[in-house]
Amino acid sequence: MISNSMDRKKQNYTDNKYFYQKIFKLVIPIALQNLLSAAVNSADVIMLNYVGQSSISAVSLAAQYASILFMVYYGLGTGATMLCAQYYGKKDFYAIRIVEGIALRFSMTVSVLFAAAALLIPKQMMQLFTSDAELIGLGASYLRILSVSYLCWGLTEVYLAVLRSMGRVAISTVLNTLAFSLNIFLNAVFIFGLFGAPKLGVVGVALATSLSRLTELAGCFIVSAKSTDVKLKFSYLFQKNKLLFQDFVRLSLPALLNDVSWGVAFSTYSIILGHLGNDVVAANSFVVVVRNFGTILCFGVASAGGILLGNVIGENRMEDAKRYATQLMKLTVASGLIGGVLILAASPLVLRFASVSDTARHYLKVMLFINSYYVMGAAVNTTLIAGVFRAGGDSKFGMICDTVDMWCYAVPLGFLAAFVLKLPVLWVYFLLCTDEFVKWPWVIKRYRSGKWLKNITRENLEEDAQAGAQLP
């Protein structure tokens with residue numbers, strides 16, 4: 001009995017050691033990418049801080065469309081990862097290429113639509129968020145230039161997501177580092193007029209973003225040319241497999257709809273705040289930057305956990321997947337606590353730095369405190385819904401949960417509080433920030449049920465496709 005107990009403890013120690021070695025190999029590069037992304041957003045705010053409060057507010061509102069697009073690409077990327085990670089576990093590269101092509105078809109369609117809207121009707125797009133004529137004009141000029149970046153972004157996000165699903169996170173980290181570093185440098189050049197360049201303000205921010213996205217896409221094609229198994233090729237768009245397409249629609253599209261529904265609802269928060277005045281918009285611009293830094297590790301754990309669990313499930317190691325999910329939740333709670341502490345620690349510096357009105361400064365102080373605990377709610381839900389559940393092919397639950405939570409609870413509550421009850425601005429913001437905690441009971445119950453754990457791969461896909469092609 002004692003010997004068996006010691007053997008189990010030794011096995012658990014070995015399993016946990018393996019898990020942490022694997023997870024941190026994925027978490028560190030992904031967290032670095034999140035850090036760089038947050039750094040670019042903060043650089044925009046920091047540099048525009050010297051231009052004026054209106055510029056900060058306009059870019060913050062216009063960037064909500066980029067946030068929605070990000071959720072589309074993130075949904076397509078994690079949806080593709082859901083399938084690709086499991087197929088990589090069984091080393092089926094044919095299936096991975098087909099899934100990449102399907103995801104690219106969807107992403108390019110969305111990119112073209114958003115780019116056309118940003119180029120042709122940017123003022124109407126801004127009018128959804130604000131009635132301030134100055135903010136509409138500044139935001140429209142920003143969106144028009146940014147339209148180019150949308151076309152590049154969809155391609156790179158899908159390709160890099162597929163590479164990450166196979167554990168090749170270092171490649172996306174290097175490309176993101178290149179793009180983000182270039183973005184920050186060009187921001188400074190075009191905002192401050194360095195090296196003889198004109199001072200372009202918000203237009204300079206959009207131009208810097210578009211040029212950096214083009215560079216990142218060029219880097220993807222260079223990586224693709226050297227890859228031996230999965231490339232970024234337009235020919236993938238035309239490769240078809242009926243079974244995989246059905247799986248993608250059934251499993252990946254709920255993930256996409258989940259993230260888009262969540263992203264649009266979150267942008268609706270900005271619509272609500274945007275109609276409550278310039279001061280709260282300016283304050284929220286800084287809050288978003290700080291919150292992004294606070295959630296870097298949380299979201300890194302969620303993404304890395306989804307990849308690792310997907311690979312393990314694809315290998316049919318179900319018991320290991322259950323144990324790893326438990327360890328992942330422990331890491332998530334720790335990362336949420338760290339994120340909250342970072343937000344609190346950064347608050348004095350942000351309050352001292354921000355060039356905003358006294359009213360906006362007061363809003364900023366309280367909103368930062370609210371976000372210091374809000375990140376824990378976001379960390380747990382993101383890890384479970386976008387990481388654990390999707391790794392096991394359970395994307396429909398998250399879609400239903402988030403849609404009901406955001407559109408039946410948070411958004412109506414925000415409109416009611418702001419425009420019917422006309423509550424003070426900070427009460428409106430507080431109520432909006434209860435959304436993550438409301439869904440905890442259902443999300444945690446789903447996790448404990450184990451219903452999310454499924455192997456979603458198919459056998460002999462390439463052989464079946466070849467046999468079908470040979471039929472008369």
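The values are calculated or read from the model by the stated rules, or taken from the named source; none is laboratory data. Computed from a predicted model, the values in this text were never measured in an experiment. Virtual Cβ from ideal backbone geometry, glycine too; neighbours counted across all protein chains shown.
Brief remarks follow.
- Ser141 being more than 17 Å from Ser224 (Cβ to Cβ), out of contact with any Ser or Thr (no Cβ under 7 Å at 6 or more places or on another chain), of a type outside the set (A, V, I, L, M) and surrounded by fewer than 21 Cβ atoms within 10 Å (Cβ to Cβ): yes
- Breaking point among (1) within 30 Å of Phe430 (Cα to Cα); (2) hydrophobic (A, V, I, L, M, F, W, C); (3) crowded, with 21+ Cβ neighbours inside 10 Å, for Phe266: (3)
- Among the candidates Leu186, Leu128, Leu155, Leu135, the residue that is within 21 Å of the chain's Cα centre (by Cα) and either farther than 15 Å from Val203 by Cα or buried (at least 21 other Cβ atoms within 10 Å of the Cβ) (or both) is uniquely Leu155.
- Val380 assigned to a helix (DSSP H, G or I) and either in contact with a Phe, Trp or Tyr (Cβ under 8 Å, 6 or more places away or on another chain) or modelled with pLDDT under 90 (or both): yes
- Restricting attention to the stretch 294-337, the residues being among the hydrophobic types (A, V, I, L, M, F, W, C) and within 18 Å of Glu436 (Cα to Cα) number 10.
- Yes/no for Val356 being at pLDDT below 95 and in contact with a helix residue (DSSP H, G or I) (Cβ under 7 Å, 6 or more places away or on another chain): yes
- The set of residues in the stretch 81-120 that are at pLDDT 90 or above and among the β-branched types (Val, Ile, Thr) comprises Ile96, Ile98, Val99, Ile102, Thr109, Val110, Val112.
Yes/no per residue for (1) surrounded by fewer than 20 Cβ atoms within 10 Å (Cβ to Cβ); (2) under 26 Å from Asp405 (Cβ atoms); (3) free of Cβ contacts under 8 Å to residues at least 60 places away in the same chain:
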residue	(1), (2), (3)
Asp320	yes, no, no
Leu328	no, yes, no
Leu331	no, yes, no
Ser335	no, yes, yes
Ala345	yes, no, yes
Arg361	yes, no, no
Met367	no, yes, no
Tyr374	no, yes, no
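- Filter result for Asp405 (buried (at least 18 other Cβ atoms within 10 Å of the Cβ), on the phi < 0 side of the Ramachandran plot and not in a helix (DSSP H, G or I)): no
- Residue check, Thr14 assigned to a helix (DSSP H, G or I), of a type in the set (Ser, Thr, Tyr), at pLDDT below 80 and buried (at least 23 other Cβ atoms within 10 Å of the Cβ): no
- Any hit, the stretch 212-225, residues being surrounded by 18 or more Cβ atoms within 10 Å (Cβ to Cβ), in contact with a helix residue (DSSP H, G or I) (Cβ under 7 Å, 6 or more places away or on another chain) and without any contact (Cβ under 8 Å) to a residue 12 or more places away in the chain: no
- Enumeration of residues in the stretch 173-182 that are at pLDDT 85 or above and buried (at least 22 other Cβ atoms within 10 Å of the Cβ): Leu175, Ala179
- Within the stretch 425-453, the set of residues being surrounded by 14 or more Cβ atoms within 10 Å (Cβ to Cβ) and of a type in the set (D, E, K, R) comprises Asp435, Glu436, Lys439, Arg446.
- Test result for Leu207, part of a helix (DSSP H, G or I), in contact with a helix residue (DSSP H, G or I) (Cβ under 7 Å, 6 or more places away or on another chain) and surrounded by fewer than 18 Cβ atoms within 10 Å (Cβ to Cβ): no
- Among the residues making up the stretch 222-250, those that are outside any loop (DSSP other than H, G, I, E, B), more than 19 Å from Leu163 (Cα to Cα) and not β-branched (Val, Ile, Thr) are Phe238, Lys242, Leu243, Phe245, Gln246, Asp247, Arg250.
- One residue from Ala80, Ala118 being crowded, with 23+ Cβ neighbours inside 10 Å and under 25 Å from Asp402 (Cα atoms): Ala80
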